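What follows draws every value from the coordinates through simple rules; no lab data is involved. This is a predicted model, so every value here is computed, not measured. A quick note on method: Cβ atoms are made from the backbone with ideal geometry, for glycine too, and the neighbour counts reach across all protein chains shown.
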Amino acid sequence: MSRVIAVYNQKGGVAKTTTCVNLSAYLALEGKKVLLIDFDPQANASSGLGHPAKLNEGSIYHGLFGLAEPEALTKPTIFYNFHLIPSSQHLAGALIELVNIPEREYKLKQFIDKIRDKYDYIFIDMPPSLSLLTINGLVAADEIVIPVQSHYFSMEGLSQLLEIIELVHKNISEKGLKIAGAVMTMFDENEPLSHKIADDIATNFPHTIFKTRIPRSAALSEAPSYGRPVILHDPNSTGARAYEHLAKELIAQETTRQFQMPSQMMPAAQAVHNVTSEQVHPLPNEADILIDIKVPTPQPVASGEEPVQQAPFGSAQDKQEEPIHDDAFYF
Ligand code: ATP
Ligand code: MG
């Protein structure tokens, strides 16, 4: 069964694209059939895989509006079982064009549904924003991988992100979105702040945190300029080995991981935020979601919607669900 995974964090520059490109490559190396959809008008994943955005070529924009079939948009990569659907600057205009069409939140899902059976993994490289594009991405995905930079404001960003996921789940997505896990990126082993932030997140983030930490690595930052994943640029670098391990962790989830169910996400957001249920803002109305989901009108949570209690992070229950990995996953 295929997994459609949005790689998302509303914060910019946290390694969403780097994670998409390199996870995809290592999953392909493991024999998985992989499709990466570049869903960011910046088109960094496309250029990082040697297909820089071209205005006169088909892109995910055309797929979104039914102007081209998926097969006509698919580009090859270095692996026969790893395909790319590139982005283009047209996608920036889609934000406005989508607003007045019916089922505007479901366009990417409708596109992916046509091809999901052909792949084991479909990654969506999301833009660093919260917009109608992002909502399309979150609605289309089954799961989310969250890259978290070892940075002072990361915890704050994570609590906002959990709220966004819950809002989309409650108001738009029928099936909900599972959290495959958060992955620490640009981790500096020698920097005390990196460790402090990782510890804070391990204590407070009530979902899976991948054991693999992606270190700062020159090879990872150089590889896109050659239009290649790091596996072809410097496969022995620490960054390359980290993404290889992360791919194995993701594969291990196929059989061992019980995902967090969507109904438990709001308590999770509260846990990170450390707020009471009265302080969590429910979604106001559809128009506001699309225009400014970040500032919903505060309203009290209706009675009878008490948050479901969940086992605290690191509890015995959580530990039973953890996949078994060797310690080499730590970097
Ligand atoms: P955006 O929000 O703009 O889409 P992003 O979250 O996709 O950004 P990337 O483009 O993947 O982030 O990474 C941001 C920058 O950091 C890039 O220049 C990338 O090469 C670099 N980078 C990412 N991960 C690492 C790493 N582990 N070590 C060193 N540099 C990294
Ligand atoms: Mg990006």
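Could you give me the ³J(HN,Hα) list for the range 249-256, computed from phi with Karplus coefficients 6.51, -1.76, 1.60 and θ = phi - 60°, whole Hz, x at Gly and Pro?
Listing the rounded values in order: 4, 5, 5, 4, 5, 4, 10, 10 Hz.
Sort 26, 152, 121 so that the residue with the fewest other Cβ atoms within 10 Å of its own Cβ comes first and the one with the most comes last.
Arranged by neighbour count, lowest to highest, 26, 152, 121 become 152, 121, 26.
Per-residue HN-Hα couplings for the range 232-240, Karplus 6.51 cos²θ - 1.76 cosθ + 1.60 at θ = phi - 60°, whole Hz, x for Gly and Pro?
8, 8, 7, x, 9, 5, 4, x, 5
Near the amide H of residue 123, under 5 Å away, which other amide H atoms are found, from residues 5 or more places off or on another chain, if H is placed in the peptide plane?
HN-HN under 5 Å from residue 123: 5, 35, 36, 37.
In what order do 165, 214, 96 fall by count of nearby beta-carbon atoms within 10 Å, going from fewest to most?
Lowest count first: 96, 165, 214.
Considering the zone a paramagnetic label at residue 254 would reach in this model (a point 7 Å from Cα along the Cα-to-Cβ line), which residues of the range 100-133 have amide N under 17 Å from it?
116-123
Check residue 181: other-chain or 5+ apart residues with amide H under 5 Å from its amide H, H built from backbone geometry?
144, 146
Return the subset of 178/248; 109/248; 118/170 for which the Cα-Cα distance in this structure is over 23 Å, preserving the input order.
Distance filter (> 23 Å) returns 109/248; 118/170.
Assuming R0 = 22 Å, can you tell me the calculated FRET efficiency for the pair residue 72 and residue 221, based on Cβ-Cβ distance, to the nearest 0.05?
According to the calculation, E is roughly 0.10.
Work through the residues other than residue 38 whose Cβ is under 14 Å from its Cβ and net out their charges, Lys, Arg +1 and Asp, Glu -1.
0
Order these by the 10 Å Cβ neighbour count, fewest first: 77, 203, 255, 17.
In increasing order of surrounding Cβ atoms, one gets 255, 203, 77, 17.
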